[in-house]
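Only one structure is covered here, and it is reproduced in the block below.
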Amino acid sequence: MEAFDIIKIAANALNEKKGKELSVIKIAELTVLAEYFVICTANSTTQLRALCDEVEDKLKENGVEPHHIEGRSTGWLALDYGSVIVHIFTRNEREFYGLDKMWSDGEQVDLNEILENSQED
């Protein structure tokens with residue numbers, strides 16, 4: 001499966017489960033770590049785990065398994081799909097680590113191009 005297909009599935013799964021501050025950053029020109037980062041904030045550690053499970057389930061339904069999942073007992077989960085790394089944070093962890101700022105030279109992906117239904121606040 002192509003990286004763009006993975007980010008579409010992951011972003012939609014996060015959006016459906018009411019993940020906040022969703023962003024997708026194309027980092028392929030900046031690093032060999034991955035092509036994209038998908039970043040999302042959870043309101044609680046319970047929602048953090050639910051968001052992780054939803055992404056994992058939706059991608060598994062499409063035949064994509066993570067290479068590795070890190071942080072199951074922390075406020076920051078990282079699901080490594082090779083070309084795509086999905087980061088799910090609690091609000092405090094997201095502010096502390098500042099991945100959005102760290103990778104601000106990356107290209108922001110327009111969520112309107114990938115989200116099937118816009119989340120209503």
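Data for the structure
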item	result
Prolate/oblate/rounded call for the stretch 64-121, Cα gyration tensor, a/c under 1.5 rounded	rounded
Added length on full extension, which subtracts the Cα-Cα distance from 0.36 nm per residue, Asp110 to Glu29	27.4 nm
Share, in percent, of DSSP beta bridges within the chain that are antiparallel, nearest 5	70 percent
Asn92 versus Ser44: modelled label distance in nm, points set 7 Å from Cα along the beta carbon direction	1.5 nm
By accessible area with a 1.4 Å probe, ligands and nucleic acids excluded, highest first: order of Phe37, Phe96, Phe4	Phe96, Phe4, Phe37
Residues of type lysines that Lys26 reaches as a straight line, Cα spacing below 20 Å, ignoring anything fewer than 8 places off in the same chain	Lys8, Lys101
Distance between modelled label sites at Asn62 and Asp80, nm, 7 Å Cα→Cβ extension	2.1 nm
Aspartates and glutamates with Cα under 16 Å of Lys17, excluding same-chain neighbours fewer than 8 positions away	Asp53, Glu54, Glu56, Asp57, Glu116, Glu120, Asp121
For Met102, solvent-accessible area (1.4 Å; no DNA, RNA or ligand), Å²	120 Å²
Whole-number percent relative contact order across the chain, with pairs defined as alpha carbons under 8 Å at least 6 apart	32 percent
Alpha-carbon radius of gyration plus Dmax, which is the widest Cα pair, for the chain in Å	12.9, 36
Hydrodynamic radius (Kirkwood) for the stretch 30-72, which is based on Cα pairs only, to one decimal in Å	12.0 Å
Accessible area of the stretch 1-82 belonging to carbon and sulfur atoms, whole % at 1.4 Å probe	46 percent
Accessible area (Å², 1.4 Å probe, nearest 10) - Trp103	40 Å²
For the stretch 74-121 versus the stretch 1-72, the gap between their alpha-carbon centres in whole angstrom	8 Å
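The values are calculated or read from the model by the stated rules, or taken from the named source; none is laboratory data. Everything quoted here is computed from the prediction, not taken from an experiment. As a convention, Cβ positions derive from the backbone with ideal geometry for all residues, glycine included, and neighbour counts pool all protein chains shown. In case anyone asks, the SASA skips ligands and DNA or RNA and just uses the protein heavy atoms, side chains included. Shrake-Rupley method; radii C 1.70, N 1.55, O 1.52, S 1.80 Å.
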